[in-house]
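Working notes, beginning with the structure itself.
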Amino acid sequence: MADLIVTLLKVAFLAVLWLFVLIVANVIRTDLFRPEPATSGGRATKPAVTARSGRQRRGQPRVLAIDNGPQAGTRLALVDEFRIGRAPDCALILDDDYVSGDHASLARRAGGEWVLTDLGSTNGTFVNEVRVTSPTVVTTADSLRIGRTQMRLET
């Protein structure tokens, strides 16, 4: 009877080990072989990060400032909508191992509010150290964290 239990435990352990290997392989495959986004011209276009589009009211955020992380000190002019991640077609490319290919998007609503949306990232997107699970309005008083990169909106 003891031999049967040991054999069943070995088989269960082996099954769990293979399940773990398959999950890791799927995560790697998803990160490496993410399909290109569909565009009208067949080629992905990168929005201009340095140009402001549309009119903004006074006191509205105009700059995304990176405070901590591999690109600390970088300041980017905000456009109406852009993606953040490691993929080459993102408007803000973060050189951070904890950032997914398409990690998050930051978009301005019609009223001038900025909305941060997590795009199904592995390690999450945080506003004031709270994980974003749905589109979240961010202001100049909020701290944004993606991977090890800490950033904020500035006027």
Residue hits (segment 82-123; more than 16 Å from residue 65 (Cβ to Cβ) and β-branched (Val, Ile, Thr)) are 93, 99, 115, 117, 122
When segment 137-154 is examined, which residues are found to be open to solvent by less than 40 Å² (accessible area, probe 1.4 Å) and among the β-branched types (Val, Ile, Thr)? 138, 146, 149
Selection within segment 97-122 - outside any strand (DSSP E or B) and more than 20 Å from residue 33 (Cβ to Cβ): 109, 110, 111, 112, 113
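Residues are listed down the side, and each one gets a yes or a no for (1) touching a helix residue (DSSP H, G or I) at 6+ places or on another chain (Cβ under 9 Å); (2) among the aliphatic types (A, V, I, L, M); (3) under 15 Å from residue 143 (Cα atoms):
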{"site": "65", "(1), (2), (3)": "no, yes, yes"}
{"site": "70", "(1), (2), (3)": "no, no, no"}
{"site": "119", "(1), (2), (3)": "no, yes, no"}
{"site": "122", "(1), (2), (3)": "yes, no, no"}
Which listed residue, of 11, 27, is hydrophobic (A, V, I, L, M, F, W, C) and at pLDDT 90 or above: 11
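Being of a type in the set (A, V, I, L, M), in contact (Cβ under 8 Å) with a residue 24 or more places away in the chain and either within 21 Å of residue 80 (Cα to Cα) or open to solvent by 10 Å² or more (accessible area, probe 1.4 Å) (or both) is the filter here, so list the residues in segment 92-107 that pass it.
Listed by number, the residues that qualify are 92, 94, 104, 106, 107.
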Before we move on, is residue 79 surrounded by 17 or more Cβ atoms within 10 Å (Cβ to Cβ), at negative phi, modelled with pLDDT under 90 and not basic (Lys, Arg)? yes
Would you check if there is a residue in segment 123-142 being in contact (Cβ under 8 Å) with a residue 12 or more places away in the chain and closer than 19 Å to residue 28 by Cα? yes
Out of (1) open to solvent by 60 Å² or more (accessible area, probe 1.4 Å); (2) under 14 Å from the mean Cα position of the chain (by Cα), what's the single condition that is false for residue 117? (1)
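The values are calculated or read from the model by the stated rules, or taken from the named source; none is laboratory data. Everything quoted here is computed from the prediction, not taken from an experiment. Cβ atoms come from the backbone with ideal geometry, glycine included; neighbour counts cover every protein chain shown. For accessibility, only protein heavy atoms count, side chains too; no ligands or nucleic acids. Shrake-Rupley method; radii C 1.70, N 1.55, O 1.52, S 1.80 Å.
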